Structures are given as C-alpha cells and as structure tokens.
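A short worksheet on the structure shown next.
Any read-out appearing in this document is the output of simple, stated calculations on the displayed coordinates, not a laboratory observation. Since the structure is predicted, the reported quantities are computational estimates derived from the model, not experimental observations. A quick note on method: Cβ atoms are made from the backbone with ideal geometry, for glycine too, and the neighbour counts reach across all protein chains shown.
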Amino acid sequence: MNARHGSGLLLSVVVPAYNEEDVLPDFQRRLVAVLDLLPLDCEIVYVNDGSRDRTLAVLERMRMTDSRVALVDLSRNFGKEAALTAGLDHARGDAVVVIDADLQDPPELIPELVRHWQEGHDVVYAQRSARDGESLAKRITAHVFYRVIERISEVRIPRDTGDFRLLSRRAVDALLQLRERHRFMKGLFAWIGYPQKAVPYRRDPRHAGQTKWNYWRLWNFALEGITSFTTAPLKLATYVGILTATLAFLFGGYIVGATLLLGNPVAGYPSLMAVILFLGGVQLTALGIIGEYLGRLSDEAKGRPLYLVNEHRPAGLAARAPALRPGSLAPPGRRRGDGRGAVMSREEEAHGAPAP
Ligand code: UDP
Ligand code: MG
C-alpha cells in the first residue's frame with residue numbers, strides 16, 4: 001500500500017501542527033527529501049491540532065500529492081502533548097519519529113536516528129547542543145528547569161532534549177500505555193526505559209510563524225513536569241511546616257521568659273504581625289502545593305479521552321495518478337456521500353482506553 005522500498009520496515013513520522021500554514025510546505029519539502037533517501041517505507045502522520053489558519057487545507061493538499069501523508073484532524077486544539085499522542089496512536093510504523101513542524105528540529109537528522117535504531121536502541125533522542133534564535137532569558141530558564149527537575153525527579157530526564165526523537169515499536173506501545181491526562185512527554189519518554197541513545201544537534205531558530213510558547217505556558221509546563229514526576233514539593237510543605245512550628249515554639253518560650261523577667265512594656269505588635277503573616281504565607285503556599293496535585297488528581301479521575309478525532313485519513317489512500325480528481329481519492333466504502341472524503345469512525349472515539 002505504501003511506496004515499498006524492499007526492506008519491509010515502515011517508518012512513521014509524526015508531526016503535530018497548530019497554525020503552521022506558513023512553514024508546512026517548506027517542512028514537507030525538506031522532510032520528503034530526507035525520506036526519499038532512506039531504505040525504508042515511510043508514512044508521514046500530520047496531526048492538525050485544531051488550527052485556526054489554513055493548516056488543514058495545506059495538509060489536505062499535501063496528502064493528495066503524496067501517498068505517504070496521513071492526516072489526523074482533531075476536533076479542537078488539545079495542545080501539543082495530546083496532538084503528539086494522537087499521532088502516535090495512529091502511526092503504524094516499526095519505528096516512529098516525532099518532530100516539530102516549525103523546522104527547529106532538522107529533518108536531516110532522521111537518517112542518523114534511524115541508524116542508531118537499527119543498531120538496537122529503542123529510543124534515540126536528539127539532544128540540543130545549541131539554541132539559536134532563542135532569547136537569553138529563555139535559555140536561562142530552560143537551563144534552570146532541567147537542573148531542578150534532574151535533582152528532584154525519580155526518573156532521569158535527559159537534559160536539553162525536546163520531543164524530537166525516534167521510538168521503536170515496543171517503545172511506542174509502552175508509551176501509549178501511559179494514558180495520563182497531564183502529559184509531560186519528556187518525562188514519559190524517560191519513564192519507559194529501554195536502551196536509549198542521545199544524538200547531538202543544533203536547534204535552529206523557528207523557520208516561520210509564531211511560537212506558541214510564552215512565559216506563562218512555560219511556567220505551567222515546568223509545574224507539569226514537577227508534579228508529574230515527583231512528590232517532593234508535598235514533602236517540602238511538611239518540612240517547612242515543621243520548621244516554622246519549631247521556630248514559633250522557641251519564640252513563644254522566649255516571649256514568656258522575657259515577660260517574666262523584664263515585665264511587659266506592650267511592644268509586641270510588630271513582631272506579632274510578622275509571625276502571623278509569615279505563618280499565613282506558609283500555610284497558603286502549602287495549600288497551593290496540595291492544590292496543584294489535587295487538581296491533577298481530579299483531572300485524572302474524570303477519565304476523559306486525551307483527544308477527539310474529527311477525521312482520520314490514513315496514508316496510502318491517495319492515488320498518485322494525476323487523472324484522479326480530489327473527490328475520488330478515498331477508496332469506495334470508506335467515504336461519506338457528502339464528497340468531503342473518508343470519515344473513519346473505527347475506534348476513533350475510544351482513545352481514553354489503554355492501548356494494548
Ligand atoms: N503544537 C501543537 N499544538 C499546540 C501548540 C503547538 O500541535 O497547541 C505544535 C506546533 O505546531 C509545532 C510543535 O507543536 O509543530 C512545537 O510548537 P512550538 O514551535 O510553538 O513550540 P516551541 O518550539 O517553541 O517549544
Ligand atoms: Mg518550535
């Protein structure tokens with residue numbers, strides 16, 4: 001069904017895309033140039049994460065000109081992590097490469113990822129050696145974040161890695177068993193274990209379009225990382241509580257002693273306020289920390305699916321013969337009569353269920 005290259009192995013490339021109309025044509029061109037040289041069969045699974053620009057139309061057009069392109073259109077914007085998971089769910093390859101659409105991850109690195117996979121590594125991740133085009137502040141915060149999470153987390157999350165990586169089939173299957181709603185992908189990739197290998201690369205500046213990150217999102221991302229992979233902050237709250245209680249107790253003893261020995265000249269107001277405000281602050285912080293975990297717990301308890309698919313068009317259905325009109329591309333029996341193309345309903349809505 002796909003352009004078979006003889007080796008019989010299929011490589012899937014999963015690309016989440018949210019408002020990427022400007023960059024997708026260039027991305028596709030560079031990606032295809034790389035894939036053409038690989039001795040593997042390939043499919044490219046684009047996930048349209050509820051884009052508000054013409055991304056969907058651009059992807060539809062690509063799918064019509066290249067039979068390797070598959071398209072998963074989500075019902076709204078679910079965020080990059082969910083989009084990635086949707087792509088992994090729909091990828092059929094013996095190995096799966098996850099890559100951003102904005103050309104910050106160079107597709108030219110894929111052959112090297114594949115080589116390490118063929119040497120027996122299950123997870124081959126690209127590790128940034130330089131971050132061009134990112135502000136000093138972003139570089140510093142990223143640096144601090146990786147060091148902190150390395151210290152307090154229970155699994156070892158490699159530094160300076162994004163989502164750009166190759167996963168073997170068994171690594172993908174393992175990853176897909178982790179259906180948690182708060183998906184800190186870097187941590188999940190590390191959690192599964194298996195032989196892993198780092199490949200250094202230069203991270204390029206965004207090619208076109210806008211980054212979807214701002215500092216508020218980055219902060220929430222960091223919170224996600226910490227709360228998903230460590231309960232250390234909960235313990236921190238306990239210890240800060242014990243420490244302040246001890247200090248307050250000593251201070252109380254001191255006041256009683258001082259009053260007995262020196263009398264009470266009614267001067268306690270400032271110190272009283274200081275202690276009350278301090279304790280109030282500590283308590284609110286501790287409550288906030290508990291709240292972060294509790295909120296995530298309630299999200300998990302709801303058990304909602306990670307994403308919903310509006311439409312899934314697998315690869316290999318587009319005919320390459322130019323004589324075929326767009327409306328006749330999907331095979332019979334899989335199409336709706338409205339001429340809008342294949343609407344696959346098989347288990348598409350059931351993604352809340354754990355993968356086998
Ligand atoms: N993305 C997505 N859904 C979102 C935000 C981003 O699918 O809600 C995709 C986006 O199209 C891109 C990748 O995730 O392919 C990385 O996004 P971005 O470049 O904005 O993140 P950064 O590189 O700044 O970390
Ligand atoms: Mg980017």
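Work out, in µm²/s and without decimals, the Stokes-Einstein translational diffusion coefficient of the range 1-116 at 4 °C, 1.567 mPa s, Rh from Kirkwood over C-alpha pairs. Translational D for this selection: 92 µm²/s.
Where does the charge balance sit around ASP122 when Lys and Arg score +1, Asp and Glu -1, over other residues with C-beta under 13 Å from its C-beta?
On the way: positive: ARG165, ARG169, ARG170, LYS197; negative: ASP94, GLU119, ASP173.
It works out to a net charge of +1.
Just subtract the alpha-carbon distance of ASN214 and LEU277 from 0.36 nm times their residue separation and send over the number in nm, one decimal. Mind showing how you got there, number by number?
Details: separation 63, 0.36 × 63 = 22.68 nm, distance 3.24 nm.
Length gained between ASN214 and LEU277: 19.4 nm.
Which lysines, on any chain, are close to LYS197 with Cα under 23 Å apart, when same-chain ones fewer than 8 places away are left out? Within the straight-line limit of under 23 Å, LYS197 reaches these lysines: LYS186.
Order the peptides 14-22, 219-227 from the highest to the lowest mean number of other Cβ atoms within 10 Å of their residues.
Numbers: 14-22: 23.4, 219-227: 16.8.
So the peptides 14-22, 219-227, ranked by packing, come out 14-22, 219-227.
Relative intensity of the range 53-160 on a log10 scale, I(q)/I(0) at q = 0.13, 0.19, 0.20, 0.23 Å⁻¹, equals -0.73, -1.33, -1.37, -1.41, per a Debye sum over C-alpha point scatterers of equal strength in the absence of solvent. Ranked by the mean number of other Cβ atoms within 10 Å of their residues, highest first, the peptides 148-160, 57-69 come out as 57-69, 148-160. Of all lysines in the structure, not one lies under 23 Å Cα to Cα from LYS235 without also being fewer than 8 positions from it along the same chain.
Could you tell me the calculated FRET efficiency between SER298 and TYR239, based on Cβ-Cβ distance and R0 = 22 angstrom, to the nearest 0.05?
Details: r = 26 Å, r/R0 = 1.17.
FRET efficiency, SER298 to TYR239: 0.30.
Seen from ALA171, the other residues with C-beta closer than 10 Å to its C-beta sum to a net charge of +1, counting Lys and Arg as +1 and Asp and Glu as -1. For the peptides 107-118, 228-239, the ranking by mean Cβ contacts within 10 Å, running from highest to lowest, is 107-118, 228-239.
Would you mind getting me the FRET efficiency between ALA232 and ARG61? Use the beta-carbon distance for r and R0 = 35 Å, nearest 0.05.
Details: r = 49 Å, r/R0 = 1.39.
That pair, ALA232 with ARG61, gives E of 0.10.
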